[in-house]
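Novice: Structure in structure tokens, see below.
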Amino acid sequence: MPNIAYVNGEFIPTEYASISINDRGLQFGDAIYEVWAVINGKLLDEEGHFTRLNRSMNELAINNIFNKASLKIIFRELIARNRVKNGIIYLQISRGTAPRDHAFANDLVPNIIITARPKNFSQLEAKAQKGFHIKTTKDNRWGRVDIKTTNLLPNVLAKQNALDNNFDDVWFVDDNNFITEGSAQNAWIVKDKTIITRPLSNEILAGITRQSVLKLIQSLNLKIVERAFSIDELYNCDEAFVTSATSFVTPIIKVNGNNINDGKVGEVVKMLRKEYLSV
Ligand code: PMP
């Protein structure tokens with residue numbers, strides 16, 4: 001069965017789908033994206049991701065010609081056509097097509113690509129039971145990582161470097177030795193029963209899973225503080241974890257070769273993962 005994508009108004013087998021070589025997303029990374037997890041045919045945090053999609057387009061002044069209701073219908077169609085029970089919806093919108101020039105006209109028609117592909121989350125579940133080993137690296141990204149653009153080269157290179165060195169992932173560290181976030185996840189620690197995560201700013205992406213987990217933490221009456229935490233605090237914390245649409249809540253048990261909680265998955269993260277996936 002061929003994988004079917006949606007590209008600029010058309011459902012088309014991925015192998016035949018195409019986009020102009022003058023697409024600004026291709027040439028400049030002048031594009032934004034969004035990712036939804038599909039669990040048992042349902043989109044997780046569906047509305048939150050739509051809200052951020054609109055924000056991303058506003059921040060880059062990409063013409064927002066898209067309608068949420070229509071996009072939802074396209075998602076359902078892609079889920080059905082690709083028989084996705086569990087998987088990922090990926091949506092990318094570029095500013096549009098024009099002869100290559102840094103400057104852009106305000107009336108460009110955006111290019112949209114949407115794909116739906118199955119993903120076996122049970123493999124991830126097995127890994128999440130064990131916990132991840134991460135490394136840290138200097139945050140060398142641009143100053144507007146709060147916008148979900150496709151400019152992910154620092155994230156891509158840092159992640160690959162982590163994998164090549166037998167780590168599972170990487171966390172970025174700012175100039176003051178404070179953690180910003182993971183390669184594609186928000187970063188959290190737990191110390192003395194207080195859950196700590198960096199507040200929203202231009203230096204991190206406002207994760208939709210982060211937002212949902214914050215609400216969950218409040219509803220469970222756990223203590224939460226939104227503040228930056230340092231790499232030393234990370235080494236000395238009781239538990240650490242990441243959140244994202246595709247990793248949900250995943251424990252970190254080792255940082256740069258140093259165990260956290262004696263290398264065991266902690267109780268808070270275990271509970272948050274279970275609760276998050278049960279809603
Ligand atoms: N930070 C970065 C850099 C990311 O790429 C992502 C995932 N797109 C996140 C955080 C988590 O965001 P979300 O929970 O919305 O997936």
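The values are calculated or read from the model by the stated rules, or taken from the named source; none is laboratory data. Everything quoted here is computed from the prediction, not taken from an experiment. Don't worry about glycine lacking a Cβ; one is built from the backbone with ideal geometry, like all the others, and counts go over all protein chains shown.
Novice: Here is a check on your reading of the model: is Arg273 basic (Lys, Arg), in the same structural domain as Phe132 (by TED's automatic domain parsing), closer than 27 Å to Glu34 by Cα and within 16 Å of the ligand (Cβ to nearest atom)?
Specialist: When the stated conditions are applied, Arg273 passes them.
Novice: For the subset of segment 106-151 comprising residues that are out of contact with any Leu (no Cβ under 6 Å at 6 or more places or on another chain), assigned to a strand (DSSP E or B) and of a type outside the set (Val, Ile, Thr), which member is surrounded by the fewest Cβ atoms within 10 Å (Cβ to Cβ)?
Specialist: Looking at the filtered set, the residue picked out is Lys138.
Novice: On to the next question. Outside any strand (DSSP E or B), within 16 Å of the ligand (Cβ to nearest atom), in contact with a Pro (Cβ under 8 Å, 6 or more places away or on another chain) and free of Cβ contacts under 8 Å to residues at least 60 places away in the same chain, is that true of Asn155? So that I can check it myself, show each step before the final result.
Specialist: On the way: outside any strand (DSSP E or B): yes; within 16 Å of the ligand (Cβ to nearest atom): yes; in contact with a Pro (Cβ under 8 Å, 6 or more places away or on another chain): no; free of Cβ contacts under 8 Å to residues at least 60 places away in the same chain: yes.
For Asn155, the condition - outside any strand (DSSP E or B), within 16 Å of the ligand (Cβ to nearest atom), in contact with a Pro (Cβ under 8 Å, 6 or more places away or on another chain) and free of Cβ contacts under 8 Å to residues at least 60 places away in the same chain - is not met.
Novice: Mind listing just one residue for me: the one in segment 158-173 that is more than 12 Å from the ligand (Cβ to nearest atom) and surrounded by 17 or more Cβ atoms within 10 Å (Cβ to Cβ) and, of those, farthest from Ile253 (Cα to Cα)?
Specialist: Val173
Novice: Quick one: what pairs do we get from segment 117-146, first residue on the phi > 0 side of the Ramachandran plot and modelled with pLDDT of 90 or more, second within 14 Å of the ligand (Cβ to nearest atom) and assigned to a strand (DSSP E or B), C-beta under 8 Å, 6+ apart or different chains?
Specialist: Matching pairs, first to second residue: Gly131/Thr250.
Novice: Another question, if that's okay. Do you know which residues across segment 40-57 are away from the ligand (no atom under 14 Å from the Cβ) and hydrophobic (A, V, I, L, M, F, W, C)?
Specialist: Across segment 40-57, the qualifying residue is only Met57.
Novice: Has segment 205-226 got any residue that is within 16 Å of the ligand (Cβ to nearest atom), of a type in the set (S, T, N, Q), at pLDDT below 95 and surrounded by 15 or more Cβ atoms within 10 Å (Cβ to Cβ)?
Specialist: No, the conditions are met nowhere in segment 205-226.
Novice: Give the residue, chosen from Ile32, Ile65, that is within 14 Å of the ligand (Cβ to nearest atom), closer than 14 Å to Ile93 by Cα and of a type outside the set (S, T, N, Q).
Specialist: Ile32
Novice: Considering only segment 191-279, give the strands (runs of 3 or more DSSP E) lying wholly within it that have at least 2 residues that are free of Cβ contacts under 8 Å to residues at least 40 places away in the same chain.
Specialist: It comes to 194-197, 223-226.
Novice: Filter segment 227-268 down to residues that are in contact with a Pro (Cβ under 6 Å, 6 or more places away or on another chain) and within 15 Å of the ligand (Cβ to nearest atom), then give me how many there are.
Specialist: Residues flagged as in contact with a Pro (Cβ under 6 Å, 6 or more places away or on another chain) and within 15 Å of the ligand (Cβ to nearest atom) within segment 227-268 amount to 1.
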